Amino acid sequence: NWYDTFNEYTHTDLFKSFFFNFSLKLQSRFLSKAKLRNIETLQLSENKIKFLPKSVKWEKITDLYLNANPISELPSYIGKLNTLKCLQLSKTRITSVPASIMELVHLEELDLSRNSLTTLPEGFFDRLTVLRKLDVRYDYN
């Protein structure tokens with residue numbers, strides 16, 4: 001399959017790329033089926049991605065960029081991406097953050113700016129002890 005060509009990559013930049021022209025079905029197939037087991041940095045900003053698939057195999061991912069996509073919610077499995085250090089979700093349509101995000105104990109940078117957030121999960125700052133940058137600028141409801 002064409003998406004198997006991504007198997008050995010550690011850094012993939014698909015910023016405003018061919019993903020832009022994919023149907024939702026093809027986007028979902030790529031995100032869930034591509035065996036990105038070695039991926040560390042995945043740049044998917046500005047690709048019209050509306051949702052993340054129910055499961056992914058991003059076992060080594062440290063940096064995930066999903067800025068400026070019309071994603072309305074984060075799946076609960078986001079907490080299972082426990083190698084994440086940087087999560088960029090600026091200019092999405094997220095209105096809340098799942099409590100499972102607090103399982104990202106290595107998360108150092110979280111950008112939730114320019115969304116419609118009104119609150120963060122209880123205990124957020126107690127659990128994310130290595131978080132050094134949290135951007136919630138221009139969040140409003």
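General observations
- Screening SER55 on (1) part of a strand (DSSP E or B); (2) loosely packed, with under 15 Cβ neighbours inside 10 Å shows it passes everything except condition (1).
- Cross-chain or 6+ apart pairs with Cβ under 7 Å, region 92-112 first and aromatic (Phe, Trp, Tyr), then assigned to a helix (DSSP H, G or I) and surrounded by fewer than 16 Cβ atoms within 10 Å (Cβ to Cβ): none
- When ARG37 is tested against the conditions (1) open to solvent by 60 Å² or more (accessible area, probe 1.4 Å); (2) at pLDDT 90 or above; (3) assigned to a loop (DSSP other than H, G, I, E, B), the lone failure is (2).
- The residues in region 63-102 that are open to solvent by less than 40 Å² (accessible area, probe 1.4 Å), assigned to a loop (DSSP other than H, G, I, E, B) and either modelled with pLDDT under 95 or within 22 Å of TYR140 (Cα to Cα) (or both) can be counted, and the count is 15.
- Candidate set from region 114-140 (those that are hydroxyl-bearing (Ser, Thr, Tyr) and within 21 Å of TYR65 (Cβ to Cβ)); member that is surrounded by the fewest Cβ atoms within 10 Å (Cβ to Cβ): TYR138
- Residue list for region 103-113, restricted to those being open to solvent by 20 Å² or more (accessible area, probe 1.4 Å) and assigned to a loop (DSSP other than H, G, I, E, B): VAL105, HIS106, GLU108
- Take the conditions (1) within 23 Å of ARG132 (Cβ to Cβ); (2) surrounded by 19 or more Cβ atoms within 10 Å (Cβ to Cβ); (3) not charged (D, E, K, R); ASN47 misses just one of them, which is (1).
The values are calculated or read from the model by the stated rules, or taken from the named source; none is laboratory data. Bear in mind the structure is a predicted one, so any value in this text is a computation, not a measurement. Please note: Cβ atoms are built from the backbone with ideal geometry, for glycine as well, and neighbour counts cover all protein chains shown. With ligands, DNA and RNA removed, areas are computed over all heavy atoms of the protein, side chains included. Shrake-Rupley method; radii C 1.70, N 1.55, O 1.52, S 1.80 Å.
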